[in-house]
1. Return the distance in nm (one decimal) between the two label points of a simple spin-label model at Arg40 and Glu672, each offset 7 Å from Cα along Cα→Cβ.
2. If I take the Cα coordinates of segment 584-715 and project them onto the principal axes, what are the three extents in Å, biggest first?
3. What length, rounded to one decimal in nm, is gained on full extension from Leu175 through to Ser378, with 0.36 nm per residue of separation minus their alpha-carbon distance?
4. Have a look at the DSSP beta bridges in the chain and tell me what percent are antiparallel, nearest 5.
5. For the residues Ser48, Ser674, what sequence is obtained by ranking on other C-beta atoms within 10 Å, fewest first?
6. Please determine, in degrees from 0 to 90 and to the nearest 10, the orientation of helix 849-863 with respect to the longest principal axis defined by the Cα atoms of the chain, where the helix direction is its Cα long axis.
7. Take Arg101, project a point 7 Å from its Cα along the Cβ direction, then tell me which residues of segment 60-83 have their backbone nitrogen under 13 Å from it.
8. Percentage of Cα-Cα pair distances in segment 397-518 greater than 24 Å, rounded to whole percent?
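What follows is calculated from the coordinates using simple rules that are stated; it is not laboratory data. What you see is a predicted model, and the numbers here were worked out from it, not measured in a lab. Quick reminder, even Gly has a Cβ in these numbers, built from the backbone with ideal geometry, and neighbours come from all protein chains shown.
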Amino acid sequence: MSDSAKPPVLLCDYRAPAWRVTDVELEFDLDPAATIVAARLAVERDPSEPAAPLRLDAEQLELLDLRVDGRRLAPEEYRFETDALTILLAVPRARIETRVRIAPDTNTALQGLYASGGGQSRFLLTQCEAEGFRRITPFPDRPDVLARYTVTLRADKARFPLLLANGNADGAGDLDGGRHWARFVDPHPKPSYLFALVAGRLESIEDCFVTAEGRRVRLFIHAEPDAIGRCGWAMQCLKMAMRWDEERFGRCYDLDVFHIVATHDFTMGAMENKGLNVFNAKYLLADPERATDDGYRHVLAVVGHEYFHNWSGNRVTCRDWFQLSLKEGLTVYREQEFESDLASRTLRRIEDVRVLWRAQFSEDAGPLAHPVRPDRYSEINNFYTATVYEKGAELVRMLASVLGRDGFRRGLDRYFERNDGRAATVEDFLAALEEANDVRLSPWLAWYAQAGTPTLEASERYDAAARCYELTLAQHTAPTPGQPRKQALPIPVVVALFDERGARLPLRLDGEAGTAERERVLPLLTERATFRFVDVPVRPVASLLRGYSAPVRLRWNADADDLAVQIRHDDDGFNRWFAADALSRRLFAQALASGAPDARQLDVWTRSLAQALADPALDPALVAEMLSIADAGSLAEGLVDIDPDAVHVARARVETALAQALAAPLLARYGELSGATDAQAVEPAAQARRRLRNACLAAVCRADPAQLPLAAAQFAQARNLTDRLGALSVLLSAQAAGAEEALDAFAARHAGDALVLDQWLTLQAVQPHDETVEHVAALTAHPAFRWTNPNNVYALVGAFALRNPRAFHRADGAGYRFVADAVARLDTLTPQVSARLATAFGGWRRFEPLRRALMHRELQRLAARDALSPDLADIVGRSLA
Ligand code: ARG
Ligand code: ZN
């Protein structure tokens, strides 16, 4: 293994900081080639640590000056190493002054201070989470050191007219030599990862929001000149988020100004820096010509997410990075609720569950599995994962369902009140929920500590004579790396019972008196439990795990006709889809095992979906989701010795069988939805109609390629990006005659629009064709692609590696080679991106022997390289372990 792997940091080694920093004054002389950062830190020793030296993290800094209480230190009074500046201090408090030089222009890691954009509009910005602040100035760069910041920026006025840092503005003016300055004071103590500055020639839009507490807040969005016209939707979303957090969770904003800045050069989605959020342009810009419906919804969700961090993350932050899910899981949950309240709850739930199954379950089933609260890491940036984010949100959702809406609100209020201005832990969170509700939640800690996806096995028995229905639930979690034995977890199983026409049946458990509820939570607290329902007049159809009430793999051999009853009648929209999905997975498994799905069950499935398609009362988005079967990655999840070609063929059989069985009604519905006059409307209802229309088009053309002219016509006439891309996707996957021309026409139409061209790259990267790998390799030379731009890399190489199992796993290993070469190349540029792409190899042991050997070889080839980044060394090391 490479020697660049850092030694792991362990949760059990946590110690409170020996030195605190109360106040920070920063002065920046900004210049892309060489920026000078002067820092003045007021530090205080913890009395219980009389011998501890002051250790400041420092990476890639050129130290120009170092003083303590005004006196320049002699060389023997400090140590300056590659990752730290250590000062021996005899006094209990001191003023530390440092001056360092850094080079934003050559910072392709995009951590710390770096430059974005090109030419005239090149501007400077920062990304500090998780450990980027140490690349700006020497500092105890850990989230439990909270300080008050005063920041002064100086820069050339013509090149950098806009200067921003966290907090409220506190003066500005001109300097000699065409330079100017601006000062900012952030009254809220914060950890260094929330620091941010921006300097550039950006354009701005402004709006205003009055909080429920009566504070008048100026709202700004800043973007490059060609993008500023696309920020209106984000501004609307911001105001909706601010109002929603007040109404739903009683949280108000706490500064006089709130800034958002858009950049095209960003490794992640966005960042919640205090009062100065920085966004990947992908999650901020939207207009009908250049954003899809999904794009609009993502802007809503991400603007909400970052804004909600102002409480869940900033006002209450994390004690250490092991607690990352404390802010991320909670904030994803809040974001999900926000979108659910404002758009479609059912659709958001389906999408979240699809992501959980595809990304989190597979992560949890391989060598990179880790608990929602990991207990060790060598590179924290590799833990911004589906487990910490999405599974973490599921844990919060379960707690909210157990406590009920009001109980959860009370608990969260308590959490914010108790921990305001502090760095908290998962225990603090559970304690607040417990106290406010007078319940015991300690069993839930196991969900945070234990990796792996529990399997929930359900079986049932109905006794007609006794009018009694027994539901037996059993749980099991397979071992994961470092956790050979698993304990039983509390699993809330929400159930309802129906008769075969969809009427509710009572839910009285044996021994209970009183009223029968319509839906209830069965708490499974042990390995296995049987729940006995009485007074059940007929054999019931059970609707289990309603709303996906726990992040488990449900194993339940429900009768196909019962699933059909649920698809037709369940009053939980999610479970209607869940039942349809279960049936399609069963058909897929049959096709994989024996070449063809069972004819009778196939008939049950297609008839159910035909009914859904014909039901004018059903949300078109839900129908579209029912028609879209799980992707190959999700279907293969849980299999061993995977043969990606066989998975592809079996999936295609099921998909084609559905399309053929429903060809006529699909075509009819497509026609009905085509007369829409709301091509530019972005309301959920208009989006839902487009979603269904595009699903119909795809199926119609799959059933009969003679219908492809419909796709060509839609492509030519489309008045929004959703319809244009939807049609293009159909043409490409059918390898239709006009597909090449359509691709070129699309690229010409959107030339110069990086975000749309990213989607164009992705569409080509996900085609399950044999020659896709060569095609993708060729596209890396396209002018719209740069290796230094993470959006480009994820759109092309990431989509190929993570969302095109057929082509990535091509039997000759060409897909693996291409991705491994890309990973190696990116590792010298942007290690975080390289490490994330390398996770495509993480599941190697689950494939058939040939693929397994080929993937293993690429991992070994990467491991053998010199000077791997710590990020990549960690992923490769854990994958091979
Ligand atoms: N806190 C950001 C969010 O809202 C993620 C930033 C992660 N950045 C990183 N380099 N690991 O989810
Ligand atoms: Zn977040």
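1. 7.2 nm
2. That works out to 49, 29, 26 Å along the principal axes.
3. Details: separation 203, 0.36 × 203 = 73.08 nm, distance 4.49 nm.
Gain in length upon complete extension: 68.6 nm.
4. Bridges in the chain that DSSP calls antiparallel: roughly 80 percent.
5. Going from least to most buried by this count: Ser48, Ser674.
6. 10 degrees
7. Residues 61-65 fall inside that zone.
8. More than 24 Å apart: 49 percent of the Cα pairs in segment 397-518.
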